[in-house]
Structure formats: C-alpha cells, structure tokens
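What follows is a set of notes on a single structure, which appears directly below.
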Amino acid sequence: MTAEVDMKDVELNELDPEKQPMTADGQAVSGEKNGGVKVKIPTEEVAFTGLSKEELMKVAGTPGWVRTRWVLLILFWLGWVGMLAGAIAIIVKAPRCKPIPEMNWWNEGPLYQISDVEAFSEGLAGIEQKLDSVNQLKVKALVLGPFHTVQADQPSTLNLKQIDPTQGSEKDLITVLEKARKKGISVVLDLTPNYPGASPWFGTSDINNVLDHVQEAAEYWLKLGVDGIKIADLTTASNTGDLSRLLAVVKGNDTDGDAKKKMLMGVAQGVSAAELSQLVNTTGADLVLSDLLSAKGQGGERINALNILHSDQRSLAWGLGAAQGDQLSKRAASQALIRLYQLLLFTMPGTPVFSYGDEIGLQMDGEKSPKMVWNLEEDPAAEGAPGNETAEAQRKEYVGVRKWFRSLSDLRGKERSLLYGDYYTLQSSVSSLAFLRLWDQSERYVTAVNWGDAPETLQLAVAPTAEKVELPKMATVKMSTDPEMEADSTVELDKLTLGPGQGVLLQFPYNG
C-alpha cells in the first residue's frame, strides 16, 4: 500500500510530457521532459450585435421612450427660440450706428497747392515726375496755378485758356492730369484772373466781363479733365458779379457716368467768422478757403471762429498762409511751431490746405517763392565739404517734419472722429486752445496746442450744453511735439501742461 502511494507521488511531481521543452540532449535544464509544448486555449468572446429592427421598433414604441423623445424635442425648440429671442434683444438694445454724412473727395484729405510751378518742379513738365513723392503725403488734390497768360492790371491781355509758355504747355498739363488720375489725385486749376496785379478781378466795373471769360475757360478746362476750379476774392465776386453762371458751368460738367463731382473753390480773406459762414451758405461754392487762422492770433479768437463754423466743416477749408499763397513757415518761425500748426490743421473740422514745401517746413526766400527741396534721402554733400554739418542737420529736420506730416495725414484719413466728427470746445487762452473731436462709437481725440513762449497748464472741460459728452480722467498720447510726452504714454486731462510751442494729440476710447 505504501509503495503504491509513493509511486503516485512520483508521478504527480513529474511534469507532463507535453510541458517538457525540447533540447538536444533530451533533458531540460529544469528537469522537464523533452518534447513538452505549452498550448493556450483562447476563451470564446461573444460580440454584442445590438437589437434587430423588430426588437428596436418594439422598444421604441414603449410609453417611456415616447415620453423621452417628446421631452427632448420640446427642449430643443425651446432652446432655439430662446437663442433667437436673445439675438433679437441684443440687436434692439444695441446702440444704433450714426449715419455717415455725405462726403466728397475734397473732404477726404488735404489739398496741396502749387502756385509757382517753376519753383516747385521747374515747370508743369516736372510735376508729373514728382507725383510719386506727393502721393506719399496722402493728399487728395493738387491746386495748380494760376499760370494763364495776362499782364498785370491789363484786362485786355487776359487769356485764361492759354498757359504761360514759361510755365509749360497744355500737353504738359494733360500728362499731369492722366498720371494724377491713376494715383487717385484730383487736380484743381486756379483761374484767378489778375493774379500778378493789384486786384484779382481788375476793377469793380470789369467783374462781370471777366466772369464771362472765367466761365468760358472753366468749361474748356473741365472738359479737358480738371476736377475743379479755384478763384480768389470770393466776397467781391459774389457781391458784385453774377457768380451763378460760373457755378452752373462747374455743376453742368457733372455727368451721371462720372461719380466724381466737379468742385468750385473760392478764397475769402479779411472776413469774420459770421461773414464766412454766410459766404459758405449763400454763394454755392463747394469749398471756401479762409485766412482766419492767420488773421486771428489769439486762442480765444480762433476758438470762437471754430465754434461758429464747425457745422459748415464739409464746405470749409483751413490754411495758415495757403489763402495768400504763402508757405506755412512765414507764420511759424520754428520747426516746432510748424509741426504744431500741422497738427492743428489736420485735426480741425474742415479740409486742410497746404502750400508746397509745408510738409518739410520749407522756409520762404523773402517774398519770393522758395525753391522746393527734393531727394531728402540722399546725403547733402561729401564728407569734409564746407557747411556739410549744417546741411546734414537741415536735411534731417526736413525728413523729420515730413514724417510727422505723413503720420497726421494718414491718421486723419483713417479716423472717423477726425474726418467728419463732431467738435466741442475744451479750453482757450491768449496763446493756447484745446478741442474734442468724436464720432458715434469711434475713438475720441483731443487736440491741445500752446504756441506761446511759456509753459501753460490747460484746464480741459466740456461745456455744460454738450449733452452726453464726458471726458475721462486719463487719455493716451497719440502724437506729440513735446519730448516729455512719449507716444502711448498716459496723461491726466485735468493736469495737462504743455511746454512753449508744443502740441499734443490725445486719444481715448468710446465707452457705451
């Protein structure tokens, strides 16, 4: 019995032959028998195939599933209707955009006067070569001339349809018109009759006869391709002569196929702000260029003019010397003041008008028209040449002023508040002024300038009559002539101090 048990124990301790590995000597290292193979029998997995169509239909028709589907459907439509109602509420409650006023091409950017084409580019033929440089200034029109033939104070010699041969030819003008049109620049022709003489219209008794010549010439040049006509002394022409005939000719050249309107531009000198407003609203002129900034030197006088005229801004043009055909430098003695007045002209309500060279602060040569300076990117002279340091300093100053001018021109063309925004007085004194420009939900701008010889702290405040117009405590410096006010820095509006001859353009956002 014991022997049988022992033998069974031996057999149980031995591995099955199938589990013994196969080796060359017939014996595994672990003692397993040769020829043993491990076999893994996979367990059988049953995949779920889902309900059949018949089973699914049977389940879907149960009361519980029917109720669930109805609940989900109702929730879906309630959510959709809620979102629609929310969108409608947002549209209704959102502030409505103010309609953009009607704008003409002469409202969209500065006008650039070239009264002496010989000094500008050695005649009409040279203007065509300079248009690329002028186009960089973002100007909307060139105001050319006058350069027709006439002897001073001799009405019998007047020929408004013939260009003075020393200035160029009709062919040169046509070339300028064609290239300017390709660049989106309009051309206005100055037909002031007696431009070299004492009175623009010769004598009072000559006005109606001279207006006939201007009317005939205007029709000729407008059909040739010019976009507008300019005349001087609008006050005399409207009070004494029949200006309606000239206006009819200008407007009669507007065609349905031409989206660009023709423009009549007049110059008014020596009139008050109230008289200027009357001229704008009674003569029918599209644009009236005033000399009020030159005639009025105090901040209070200038602010008063703006207060009276800002509502006429789409028919009003501003210049500082442009009405007289002078450069800005004649009334701004320093480069700092030139930048200050450029800032003022670009941000006032109305169209800024500049004489050639104003973009670089070109100085006048006595009463003569200054010769325009070109090629500012080139070195003025070889190193070591006499006066080289002075010439280089002057060149850099020209480049800096031109860059300032271009930045202002670009900003005015982009910002609605500066382009056609509302105007509000903020402050004025003998030698300073400040005003606010805003439009609907656009960025707001504050212009503050001090052309005096001493620092001045401006107390900015909106008049109580200006409803829903508020100034924030802080504003961001957009552009500044004052080195102590860096761009993108912030200033407190109730403690705005400007140095002598300094100006700043401040910006703050619309807060609904």
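Any read-out appearing in this document is the output of simple, stated calculations on the displayed coordinates, not a laboratory observation. Owing to the predicted nature of the structure, the values given are computational and were not obtained by experimental measurement. Note: ideal-geometry Cβ built from the backbone for every residue, glycine included; neighbour counts use all protein chains shown.
Where a ≥ b ≥ c are the square roots of the eigenvalues of the C-alpha gyration tensor, would you call region 356-512 rounded, which needs a/c under 1.5, or, failing that, prolate if a/b is larger than b/c, or oblate? Judged from the Cα gyration tensor, region 356-512 comes out prolate (a/c at least 1.5, a/b above b/c).
Against the main long axis of the alpha-carbon atoms of the chain, helix 335-347 sits at an angle near 70°. Extension gain for ASN388-GLU470 works out to 24.3 nm (0.36 nm per residue, less the C-alpha to C-alpha distance). Each Cα pair under 8 Å and six or more residues apart adds its sequence gap; the mean of these over the residue count of the chain is a relative contact order of 10 percent. What shape does the chain take by its C-alpha gyration tensor, where a ≥ b ≥ c are the square roots of the eigenvalues and a/c under 1.5 counts as rounded, a/b above b/c as prolate, and the rest as oblate? Prolate is the answer for the chain, as a/c is 1.5 or above and a/b outweighs b/c. Toward the positive end of the charge dipole of region 423-508, with +1 on the Cβ of Lys and Arg and -1 on the Cβ of Asp and Glu, the farthest Cα among THR476, VAL504, PHE435 is that of PHE435.
What GluC sites (Glu not before Pro) does region 426-512 have in DSSP loop regions with at most 16 other beta carbons within 10 Å? Within region 426-512, the qualifying GluC sites (Glu not before Pro) (loop, at most 16 other Cβ atoms within 10 Å) are GLU467, GLU470, GLU484, GLU486. Helical runs (DSSP H, four residues minimum) scored at -39500 (n - 2.57) apiece and divided by the length of the chain put the mean residue ellipticity at 222 nm at -11500 deg cm²/dmol.
For the residue pairs LYS223/LYS368; LYS182/LYS261; LYS138/LYS396; LYS98/LYS179, the C-alpha atoms sit more than 26 angstrom apart in LYS223/LYS368; LYS98/LYS179. Once the Cα atoms are used to define both axes, helix 63-93 deviates from the longest principal axis of the chain by about 20 degrees. Each residue, VAL71 and GLU275, gets one label point 7 Å from its Cα in the Cβ direction; the gap between the two is 8.6 nm. Full extension of the chain segment joining LYS296 with SER205 gains 29.6 nm, where the gain is 0.36 nm per residue of separation less the Cα-Cα distance.
Between GLN129 and GLU486, the modelled labels are 4.4 nm apart [label points 7 Å from Cα along Cα→Cβ]. Counting neighbouring beta carbons within 10 Å and listing from fewest to most, the residues VAL134, VAL504 come out as VAL134, VAL504.
Relative to the longest principal axis of the Cα atoms of the chain, helix 299-309 runs at roughly 80 degrees. Under the shape rule built on the C-alpha gyration tensor, where the axes satisfy a ≥ b ≥ c, region 444-512 is oblate, since a/c reaches at least 1.5 while a/b does not exceed b/c. Under a straight-distance cross-link criterion of Cα-Cα below 21 Å, which lysines are reachable from LYS473, leaving out those fewer than 8 residues away in the same chain? Those lysines meeting the cut-off are LYS495. The GluC sites (Glu not before Pro) of region 68-131 meeting both criteria, a DSSP state outside H, G, I, E and B (loop) and at most 11 other C-beta atoms within 10 angstrom of the site's C-beta, are GLU102.
In loop segments of region 294-382 as defined by DSSP, the GluC sites (Glu not before Pro) with at most 15 further C-beta atoms inside 10 Å of their C-beta are GLU367, GLU377, GLU378. Cβ-Cβ distance of ASP410 and ASP365, R₀ of 22 Å, FRET efficiency by 1/(1 + (r/R0)^6): the value works out to about 0.15.
Rg ratio for region 53-93: its Cα radius of gyration over 2.2 N^0.38 Å, N being its residue count, equals 1.87.
Residue separation of GLN441 and ASN104 scaled by 0.36 nm, minus their Cα-Cα distance, works out to 119.1 nm of gained length. Put a plus charge on the Cβ of each Lys and Arg, a minus charge on the Cβ of each Asp and Glu, and nothing anywhere else: the dipole of the chain about its Cα centre is then about 1660 debye. Seen from PRO146, the other residues with C-beta closer than 14 Å to its C-beta sum to a net charge of -3, counting Lys and Arg as +1 and Asp and Glu as -1. Rounded to the nearest 5, the antiparallel percentage of DSSP beta bridges internal to the chain is 55%.
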